[in-house]
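Just so you know, all these numbers are worked out from the coordinates, no wet-lab data involved. Predicted model, so just to flag it, every value in this text is computed and none were measured. Counting neighbours? That spans all protein chains shown, and the Cβs are built from the backbone with ideal geometry, glycine included.
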Amino acid sequence: MKLSIVIPVHDDAEGLARMLHSLQQALPAQGILAQVIVVDDGSPVPMRQAVPACALRALPLEWQRSPQAMGAGHARNVGLTCAIGSHVLFLDADDTVTPALGDLLVALETRDFDFALFAHDDSRRLAQGATGADEATDRALWADLAVGPAPQTLTPAQAHTICRISNYPWNKVWRRDFLRQRSIAYTEIPLHNDIEPHWAGFIEADRILCSGQRCVIHQVAPHRTQLTNRRGAERLCVFRALDAVAARLQARSAWQPDGALFAGPFLEFTLRLLDWVAGLLDDPADRAELQRHAALFLQAFARQAPPALARATHDALAAEPGLALRFLHWAEGGRARDAAP
């Protein structure tokens, strides 16, 4: 294995220096790392000049820079085009990696896979003396999966369960040629650009590995302008990502019916995501627009599905009455009776 790491950054020299330092501490010295590609997304001061020199040592750094801010999705796609390693890991400049990442990479060296999924910690949980994801649903899914630190191959049933976790750009090691051959990339939108590759990976992959190692610490600063904290109309770009996943599900299901088995998990994830976004939006007009877009998206998804996908969607809604009620609530513009979250 030769690993290319892609790190988008915009005007966060402190976070980038912390991330690079954590990489220096975590990665093995056996030559797994091919390159670290830092993509400066139009920072006012070029990050190459702003990061302390001590943070740039001992890593095979390469720099790319956009003349203006194009968003993290665009930056990650730029990095992917520059990747020369057999495998790719996308990291965020404002997070850190743990020594478990080095252990995982060593364990993956001789394994054959399309992508390998791993767990993470969250700074908010760590501050409370706890571990794991901040989202209770994610913690429950990981607990049900019950995987140890050694990477194991996921069964289809396991994949159809764990795919429902929140999709972060840094929780997978990808085989580079898998991404390129299946045309998997990040949606170039202001937020939610990791939804499309997450679901495309599960829909398209033949070999998925999973490790319970917590290899990244998601750092959340409550009062900063991180994407995690955005509460405005820019959240509505989520439908571009959801549309892309729905189109891929429909295309895959048309020639490989097994691909339709992700319909239920995707619907459950989508409804949970819509509930979450609705809770974030401060402006009632934005919430109304979210409802309108959600109704159009869900109605189109149910109407345009090929036969295999239509059956899988119907079966998922029939099997989970609570899911059906939530689907109706969003698909009918909020006229149906609210379901419990």
Acute angle (nearest 10 degrees) that the helix 263-280 long axis makes with the longest principal axis of the chain, alpha-carbon atoms: 80
Surrounding net charge for Val6, when Lys and Arg each add one and Asp and Glu each subtract one, Cβ distance under 11 Å: 0
Please state, rounded to one decimal and in Å, the Kirkwood hydrodynamic radius that the range 1-103 gives when every pair of distinct Cα atoms enters the mean of 1/r. 13.4
How large is the helix-only mean residue ellipticity at 222 nm for the chain, computed as the sum of -39500 (n - 2.57) over DSSP H runs with n ≥ 4, divided by its residue count, in deg cm²/dmol to the nearest 500? -14000 deg cm²/dmol
Crossing angle, helix 72-82 versus the chain [Cα axis fit, 0-90 degrees, rounded to tens]: 60
Mind listing the long-range amide H neighbours of Gly232? Cut-off is under 5 Å, sequence gap 5 or more, other chains count too, H placed in the peptide plane at 1.01 Å from N. none
Dipole of the chain, positive end: most advanced residue of Ala244, Gln256, Ala116 [Cβ charges, Cα centre]: Gln256
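Below 12 angstrom from the Cβ of Asp122, what's the summed charge of the other residues (Lys, Arg +1; Asp, Glu -1)?
Working: positive: Arg124, Arg125, Arg139, Arg214; negative: Asp95, Asp121, Asp134, Glu135, Asp138.
Once positives and negatives cancel, what remains is -1.
For the range 233-331, what Kirkwood radius comes out of the mean inverse Cα-Cα distance, in Å?
Numbers: mean 1/r = 0.0728 Å⁻¹.
For the range 233-331, inverting the mean 1/r across all distinct Cα pairs yields 13.7 Å.
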Any idea what the dipole of the chain comes to, in debye rounded to 20, about its Cα centre with Lys/Arg Cβ at +1 and Asp/Glu Cβ at -1? 320
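Within the range 252-341, which trypsin sites (Lys or Arg not before Pro) sit in a loop by DSSP and count at most 10 neighbouring Cβ atoms inside 10 Å? Could you put the intermediate results ahead of the total?
Values: sites: Arg252, Arg272, Arg287, Arg292, Arg303, Arg311, Arg326, Arg335, Arg337; in loops: Arg335, Arg337.
Passing sites in the range 252-341 are Arg335, Arg337.
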Beta bridges by DSSP in the chain, antiparallel share as percent, to the nearest 5: 30
With no solvent term and unit scatterers on the alpha-carbon positions of the chain, Debye gives log₁₀ I(q)/I(0) at q = 0.06, 0.11, 0.12, 0.16 Å⁻¹ of -0.21, -0.73, -0.87, -1.53
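So which trypsin sites (Lys or Arg not before Pro) in the range 44-74 end up in coil per DSSP with only 15 or fewer other C-beta atoms within 10 Å? Show your work: numbers first, answer last.
Values: sites: Arg48, Arg57, Arg65; in loops: Arg57.
Taking the range 44-74 and a limit of 15 other Cβ atoms within 10 Å, the loop trypsin sites (Lys or Arg not before Pro) found are Arg57.
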Amide H neighbours of Ile37 under 5 Å, at least 5 residues apart or on other chains, H built in the peptide plane: list them. Ile5, Val6, Ile7, Glu62
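Counting pairs of alpha carbon atoms under 8 Å apart in space and at least six apart in sequence, what relative contact order in percent does the range 3-229 give? Before the final figure, lay out each step's value.
Details: 451 pairs, mean separation 59.5, N = 227.
Relative contact order for the range 3-229 comes out at 26 percent.
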Along the range 187-198, what does the Karplus equation 6.51 cos²θ - 1.76 cosθ + 1.60 (θ = phi - 60°) give for ³J(HN,Hα), rounded to whole Hz, x for Gly and Pro? 5, 8, 10, x, 9, 6, 6, 8, 5, 4, x, 4
Mind listing the long-range amide H neighbours of His218? Cut-off is under 5 Å, sequence gap 5 or more, other chains count too, H placed in the peptide plane at 1.01 Å from N. Asp121, Asp122, Ser123
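Mind putting a number on the dipole of the range 18-82 about its Cα centre? Charges go on the C-beta only, +1 for Lys and Arg and -1 for Asp and Glu, and I need it in Debye to the nearest 20. Display every interim value, and only then the final one.
On the way: 5 positive and 3 negative charges, 21 e Å.
In total the dipole reaches around 100 debye.
Just want the ordering: Cys163, Cys237, from fewest to most Cβ atoms lying within 10 Å of their own Cβ. Let's see the in-between values first.
Values: Cys163 22, Cys237 17.
Ranked by crowding around the Cβ, least crowded first: Cys237, Cys163.
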